[in-house]
Amino acid sequence: MHSEKRLPCWEEKIKKELAHLEEISQKRELVSTECAEQPWLTINGCRMLNLASNNYLGYAGDERLKKAMVDAVHTYGAGATASRLIVGNHPLYEQAEQALINWKKAEAGLIINSGYNANLGIISTLLSRNDIIYSDKLNHASIVDGALLSRAKHIRYRHNDLDHLEAFLKKSPIEARKLIVTDTVFSMDGDFAYLEDLVRLKERYNAMLMTDEAHGSGIYGKNGEGYAGHLHLQNKIDIQMGTFSKALGSFGAYVVGKEWLIDYLKNRMRGFIYSTALPPAILGAIKTAIELVQQEPERRSLLQTHSEYFREELTNYGFNICGSRSQIVPIVIGENEKAMEFAARLQKEGIAAIAVRPPTVPENEARIRFTVTALHDKKDLDWAVQKVSIIGKEMGVVE
Ligand code: PMP
């Protein structure tokens, strides 16, 4: 007799969850993408205007970064062979970290293997069970995961609502170790944190302040040192992290702060101690990008011009851009399915922009997230705005 074979319960559970994701239009698929470092990319063989990358200043395709990477491979090899505390601390680390410290005008700095690892590592190393973390509701997932890993009490205040934050701070024991943590440029809404007010609160309530400059590094400040630098607040922020994977064109992350802080992280941060060091090529790119970003302010100006233009045009057409004031320009669509359809229609017209759905953004606030870069041509942006407005009207997103 043929009896039907039952799936093991764990397999059944996972498959059910995948089916559910499919049902609610939240199932993700990988698509083959080429030339993402260029303003026009190719997805599954179709050429599209690239409004989805974080290559804000265009350094990902820069010949000087590529050469620095190739030179580093020739001199130091393909891989670091071990973690930095073993034998992976090749000479480019010291050079890149010195460039980082000079650029950020910091006492000390450390390069970390990725932005995700940096947030996970820094937060879970500095805080533990009896401490308290105050985190903006729209902070990046890596900050949330770092807080969870730390086992500290994790309080999420409403986005940029500092009265809400202060109400929590007021209730906290004065002697508790406290961390306020925020993105400086929010990755989904494209708006800024109120850093001056956060500094005031951290001083009043004896808390540490940590900023994530993933979307600010390279873009804001006289030398591209970040949004905190733009506001001349670097010295007031205890822990500043940022990434080299976006405006700086390659990969990896940094943290800068006081000497004792960096020393502590080198000794205690598990992701730093137990993970292989970055390949030399990445350090070559990081060092070169830090130099270029200071020498080429015109890229920042061009990016600002493009961002401003794109935000203004979409607002004029009636789109809700979530208060964006940066190069990240979302338009709220609403339901997941509708956002997916919007993205698909954009792609059909030759525009690559991603639909961002819950849990990355709140329920019923699924959106299309556009990112503009210094590399874009104004004519192409204009063309894209026209297409977006036509689709928006046809789908009833705007009138
Ligand atoms: N922080 C923020 C605000 C981010 O947007 C990202 C990347 N999406 C990260 C951290 C993680 O950086 P990385 O991609 O270098 O891991």
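Laboratory data are not the source of any read-out in this text; all were calculated from the coordinates shown. Everything numeric here is computed off the predicted structure, so don't read it as measured data. Backbone-built Cβ (ideal geometry, glycine too); neighbour counts: all protein chains shown.
The mean sequence separation of alpha-carbon pairs under 8 Å and at least six residues apart, normalised by the residue count of the chain, gives a relative contact order of 21 percent.
Normalised by the number of residues in the stretch 61-295, the average gap of Cα pairs under 8 Å and 6 or more apart makes the relative contact order 30 percent. Highest GNM mean-square fluctuation among 172, 128, 53, for the chain modelled with Cα contacts below 10 Å: 172. What shape does the stretch 177-276 have by the C-alpha gyration tensor, where a ≥ b ≥ c are the square roots of the eigenvalues, rounded means a/c under 1.5, and otherwise prolate means a/b greater than b/c and oblate the rest? Verdict is oblate for the stretch 177-276.
Fully extending the segment from residue 11 to residue 175, taken as 0.36 nm per residue of separation minus the present Cα-Cα distance, adds 54.3 nm.
A simple count of charges around residue 106, restricted to other residues whose Cβ falls under 13 Å of its Cβ and scoring Lys, Arg +1 and Asp, Glu -1, yields -2.
By its C-alpha gyration tensor, with a ≥ b ≥ c as the square roots of the eigenvalues, how is the stretch 125-216 shaped: rounded for a/c under 1.5, else prolate for a/b larger than b/c, else oblate? Before the final figure, lay out the partial values.
Values: a/c = 1.83, a/b = 1.24, b/c = 1.48.
Verdict is oblate for the stretch 125-216.
Here the spin labels are modelled as points 7 Å beyond Cα on the Cα-Cβ line, and at residue 232 and residue 337 they lie 5.5 nm apart.
Across all C-alpha atoms in the stretch 61-295, the radius of gyration and Dmax reach 17.4, 57 Å.
For the stretch 1-107, the alpha carbon positions stretch 72, 43, 31 Å along the principal axes, listed from largest to smallest. Span-like helix criteria (full DSSP H runs; alpha carbon extent of at least 15 Å along the helix axis; mean Kyte-Doolittle hydropathy of at least 0.0) are satisfied in the chain by 115-126, 280-295.
Modelled this way, with points 7 Å down the Cα-to-C-beta line, the labels at residue 298 and residue 347 are 3.7 nm from one another. Note on the chain: GNM, Cα springs under 10 Å; of 219, 112, 174, the largest mean-square fluctuation is that of 174. I want to verify a result. In a Gaussian network model of the chain, Cα cutoff 10 Å, which of these has the top mean-square fluctuation: 348, 104, 16? Largest GNM mean-square fluctuation: 16. Simple rule: put +1 on each Lys or Arg Cβ and -1 on each Asp or Glu Cβ in the stretch 61-295, find the dipole, and look at 116, 292, 220; the Cα lying farthest toward the positive end is 116.
The calculated pair-distance distribution of the chain uses every alpha carbon pair, bins of 20 angstrom beginning at 0, and gives 26, 56, 18, 1 percent.
Counting Lys and Arg as +1 and Asp and Glu as -1 over every other residue whose Cβ lies under 10 Å from the Cβ of residue 332, the net charge comes to -1. Applying 1/(1 + (r/R0)^6) with R0 = 41 Å to the Cβ-Cβ distance of residue 167 and residue 273 gives a FRET efficiency near 0.60.
Taking the Cα centre of the chain as origin, sum charge times position over the Cβ atoms of Lys and Arg (+1) and Asp and Glu (-1), and report the length of that vector in debye to the nearest 20. Can you show the working numbers first?
On the way: 49 positive and 51 negative charges, 188 e Å.
Rounded to the nearest 20 debye, it is 900 debye.
Distance between the 7 Å Cα→Cβ label points at residue 259 and residue 67: 3.7 nm. Going from the residue with the fewest nearby Cβ atoms within 10 Å to the one with the most, 232, 159 rank 232, 159. What does the charge count near residue 221 come to, summing +1 for each Lys or Arg and -1 for each Asp or Glu among other residues with Cβ under 14 Å from its Cβ? Net charge in that neighbourhood comes out at +2.
Ranked by Cβ crowding within 10 angstrom, fewest neighbours first, how are 158, 369 ordered?
On the way: 158 12, 369 24.
By the 10 Å Cβ count, ascending: 158, 369.
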